[in-house]
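We did not get these values from a lab; they are worked out from the coordinates using the rules stated. These numbers come from a predicted model, not from an experiment. When we count neighbours, we look across all protein chains shown, and the Cβ atoms used for this are built from the backbone with ideal geometry, even at glycine.
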Amino acid sequence: MNEVLEVVGEEEADYKLRLLIDTCVWLDIAKDYRQRPTIGALEELVKADVIGLIVPQQVIDEFSRNKERIIKESGQSLASTFRRVKDAVRQFGKDDARDEALRQLSDVDHRITLLGEAVNDAIGRIEALFAEAEILETDDATLLAAAQRAVDKRAPFHKPKNSMGDAILIELYARALAEDESEGRDVFAFVTHNKHDFSAPTGDERQHHPDLADIFRSEASIYSLNLNALLNEQAPDWLEELQAEFEYEEEPRRLSEIVGEIDLLVRKIWYNRHWGRRIAIDEGHIKVLPDTEYSRAPYKANEILDTIWAGALDSAKRTEEEIGLENLGPWSDFEWGMLNGKLSALRWVLGDNWDMLDT
């Protein structure tokens, strides 16, 4: 894979796509689990110097102000709804379908929580891209140019609202174009989802507003509402190679899968411990006693109540029938350690402390 990327990089070394991406696009990428391949592609393309990110300090500040909000919103907005639905199913659901419905709801709730955690990872990766980017500070000339747009009521001031932030953004993009030292070799692109302020008011919204015609007058300056489409159009060779790497996404385990695996591990470990006790009884280290002889105060570790032991034997027989003797050991020290480690890890995922191995 890396060899292919190096070859393509050499072929396109004299060409760079320089992107200024609006804050709204970065936030949409961060909160959408399906956009992880887009972040990965950007990382690889930036690393290979096929793409150069132009990031206004304003975008960094806006992203920072909003990241806590999207973390909070990811999945949590559905948490209270799920609780109410599950309570209703428990109260009014029919017995034959209630358990299955609750299992499905728990799986979905668990998946939403896991996907929500992916937002934190996406934010960290985006901020790492910012750290390596070309940062544009807002200078007095940019402020004056943005203010002049307001006076002239030119986009993004063509609507009755305060659009100073958007005006500064487009003027920073215009400044980057004007300061281009690549002698026309590089291609610039302004990417936004804010079509209401930047796109044509009538006709094809994929086209820029007429008031921005001087900024997008050449083929070397592109207006785009779709980052993925832009990348596919401008760097098709790269994206073809990267697609295989990023198109496969591992799906998180369903809650029912995790709970089912925990139950199986508990039964396997319990069965092994049961046999340890059975051997101790056969060798006389532990006594099976009736209720009249059993000591409760104080409790004695070398005694077991006969009714409890009878129940344990029944459980062992049921475990053998349901799981199969071939799946119940004996275990090597390594296998025994793996079983206990898996149980501890899965329980930790669902909220238990580490090393919780009670059976």
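List of remarks:
- Cα convex hull, segment 135-267: 214 Å³ per residue, rounded to a whole number.
- The amide H of Phe188, built 1.01 Å from its N in the peptide plane, has Arg18, Ser221, Ile222 as neighbours under 5 Å, considering only residues 5 or more places off or on other chains.
- Distance between the 7 Å Cα→Cβ label points at Lys72 and Lys300: 6.1 nm.
- Tilt relative to the chain, helix 36-47 - C-alpha long axis, 0 to 90 degrees, to 10: 60
- Packing, as the average of other Cβ atoms within 10 Å across residues, places the peptides 193-202, 165-174 in the order 165-174, 193-202, highest first.
- DSSP-defined beta bridges in the chain - what % are antiparallel, rounded to 5: 10
- Over the residues of the chain, the helix contribution to mean residue ellipticity at 222 nm works out to -19500 deg cm²/dmol, using -39500 (n - 2.57) for each DSSP H run of at least 4.
- The peptide list 57-67, 289-299, 332-342, put in order of mean Cβ contacts within 10 Å with the highest first, becomes 57-67, 332-342, 289-299.
- Peptide ranges 268-277, 210-219 listed from the most packed, as the mean C-beta count within 10 angstrom indicates: 268-277, 210-219
- Rounded FRET efficiency, nearest 0.05, which uses the C-beta distance separating Phe92 from Lys317 and R0 of 45 Å: 0.70
- For Asp204 and Glu183, the difference between the fully extended length at 0.36 nm per residue and the C-alpha to C-alpha distance is 4.4 nm.
- With one equal scatterer per alpha carbon and no solvent term, the Debye-computed log10 I(q)/I(0) for the chain at 0.14 1/Å reads -1.19.
- For segment 257-349, the ratio of Cα radius of gyration to the globular rule of thumb 2.2 N^0.38 Å stands at 1.25.
- Between the Cα long axis of helix 95-132 and the first principal axis of the chain there is an angle of about 40°, rounded to the nearest 10.
- Net lengthening on full extension, Ile279/Glu233 (0.36 nm per residue, minus Cα-Cα): 9.5 nm
- Contact order for the chain, expressed relative to its length and based on alpha carbon pairs under 8 Å spaced 6+ residues apart, stands at 18 percent.
- Axis angle, to the nearest 10 degrees, between helix 79-92 and the longest C-alpha principal axis of the chain: 40 degrees.
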